[in-house]
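Bear in mind these aren't lab numbers, they're just calculated from the coordinates by the rules spelled out. Owing to the predicted nature of the structure, the values given are computational and were not obtained by experimental measurement. All Cβ positions, glycine included, derive from the backbone under ideal geometry; neighbour counts span all protein chains shown.
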Ligand code: PXG
């Protein structure tokens, strides 16, 4: 019987276009997907920035199967299972030393909501309940729940959803093609954009501001690297004014930049850090918030009896997710995958920048195993029409890429080999040459 495509309402998808011409995946292993027709597709995006160790790793899939057979589910409120503690402890070994506690969620969006609520709870517990304002950044992406949508800064994701949350403001974004186009790694210009926070502090007064949330590398908006000195400056201003700094590391975590987290890569430690995706190699949904010891202690000590933080999810620290995450960490550690993005980065960078002279390319950006190719918008056509054409050509040629607006974003599994980087370059180059 032919598959009925009607009932499934697909997320972040043009449902009408997809259902006219579906792209289906059936199987995955290592660096590749296979379609139901048996076509092999090189995974240039690690699924959606999450399958960092490559697909269907037996150690991880076996750990999930064994856990499902042993104990499928355990309530996380007022009871626990040992792997939840083991996993939190293991994660702290890869975190900056002051981030000593981990709160589990089911996704990146929930990690963001949890981090925003922990920041508010911290100020309240610390006698500063007047700090309620949350600051995000233009072009930021922090998932799709109400808090994340409100602090997020991608216009198309916000405009459908009313007034979202009161008391939110945004820093300016850091994208500056005029000064920084074709930068390799961190762009040179733009550290002063962090001073935008001083402007918002003058406007609202620091005593009203709870937290600033940024992605160290803005992913969904098209892979924008932080200008040199920008994150350091943001850290300094937050510390000076008692504002909680949250790094949303949902895509930068677990080796994407060549260190466990962007915090180590850029040598800037936030007070709270969100993570998801690569935490289980994408196998089982899971997110987490890592917390500075002072934030954790302040909240815990404020309530000597009873529940200290009335927050959590039915699936917090789900046994299958914990089993997957522990096996994922074993894999990352054994294969040194947290440093692999930096050892592969020179080849990756050269491949990307070799595309710089092709038609309509107006910027190439890269860091670790992240890449972005920005195209000139097509006059009179919907935003992103050129990038989507490249996406379709790559799909036909057996390569999976992502597009956002006029940017093609790349983030392959960290196990990628040099030959596969070369293959990606060939397919991208052919697709770009065909553009009109
Ligand atoms: N924060 C960041 C920085 C993200 O990148 C989320 C939060 C939300 O995570 P969940 O697990 O709730 O989806 C994300 C998600 C893209 C793309 O094309 C990126 C994400 C999701 C969908 C598409 O770059 N990141």
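Relative to a virtual label point 7 Å from the Cα of residue 236 in the Cα→beta-carbon direction, which members of segment 254-275 show backbone nitrogen distances below 16 Å?
Only 267-269 fall inside the zone, counting backbone N under 16 Å.
Listing 86, 301, 233 from the residue with the fewest other Cβ atoms within 10 Å to the one with the most, what is the order?
So the residues, fewest neighbours to most, are 301, 86, 233.
Evaluate the distance, in nm, between pseudo-label points positioned 7 Å from the Cα of residue 336 and of residue 21 along their respective Cα→Cβ axes.
So the two model labels end up 4.5 nm from each other.
Taking 8 Å as the Cα distance limit and 6 or more residues as the minimum spacing, I'd like the relative contact order of segment 240-327 as a percentage.
Values: 103 pairs, mean separation 21.2, N = 88.
Relative CO of segment 240-327 lands at 24 percent.
Fully extended, how many nm does the chain gain between residue 12 and residue 86 (0.36 nm per residue separation, minus their Cα-Cα distance)? Could the numbers behind the result be given before it?
Numbers: separation 74, 0.36 × 74 = 26.64 nm, distance 3.48 nm.
Computed gain between residue 12 and residue 86 is 23.2 nm.
Rg and Dmax of segment 39-135, using alpha carbons, in Å: what are they?
Values for segment 39-135 (Cα only, Rg and Dmax): 18.1, 60 Å.
Output the antiparallel fraction of DSSP beta bridges having both residues in the chain, as a percent to the nearest 5.
65
Please compute one quarter of the surface area of the Cα convex hull for segment 134-207 and express it in square nanometres.
The directionally averaged projection comes out at 6.1 nm².
Under 8 Å for C-alpha pairs, at least 6 residues apart: give me the relative contact order for the chain, rounded to a whole percent.
RCO, the chain: 22 percent.
Between residue 199 and residue 297, what is the FRET efficiency for a Förster distance of 25 Å, r being their Cβ-Cβ separation, to the nearest 0.05?
Computed FRET efficiency for residue 199 and residue 297: 0.20.
Tell me the relative contact order for segment 136-220 as a rounded percent, counting alpha carbon contacts under 8 Å between residues six or more apart.
33
By how many nm would the segment from residue 426 to residue 353 grow when fully extended, if each residue of separation counts as 0.36 nm and the alpha-carbon distance is taken off? Mind showing how you got there, number by number?
Numbers: separation 73, 0.36 × 73 = 26.28 nm, distance 1.27 nm.
Extending this stretch completely gives an extra 25.0 nm.
Out of all DSSP beta bridges with both ends in segment 155-288, state the antiparallel percent to the nearest 5.
Counting DSSP beta bridges with both partners in segment 155-288, the antiparallel share is about 20 percent.
According to a simple spin-label model (label point 7 Å from Cα along Cα-to-Cβ), what is the distance in nm between residue 144 and residue 189?
Rounded to a tenth, the inter-label distance reads 3.7 nm.
I'd like the antiparallel share, as a percent to the nearest 5, of DSSP beta bridges with both residues in segment 208-278. Please report the intermediate quantities before stating the final value.
On the way: 1 of 8 bridges.
Among the beta bridges of segment 208-278, antiparallel pairing accounts for roughly 10 percent.
With each pseudo-label sitting 7 Å past Cα toward Cβ, what's the residue 166-residue 69 distance in nm, one decimal?
Here the answer is 5.6 nm between the modelled labels.
What's the exposure ranking of 305, 81, going from fewest to most Cβ atoms within 10 Å?
305, 81
So for each of 202-211, 188-197 I average, over its residues, the number of other beta carbons within 10 Å; can you give me the resulting order with the highest mean first?
Put in order of decreasing packing, that is 188-197, 202-211.
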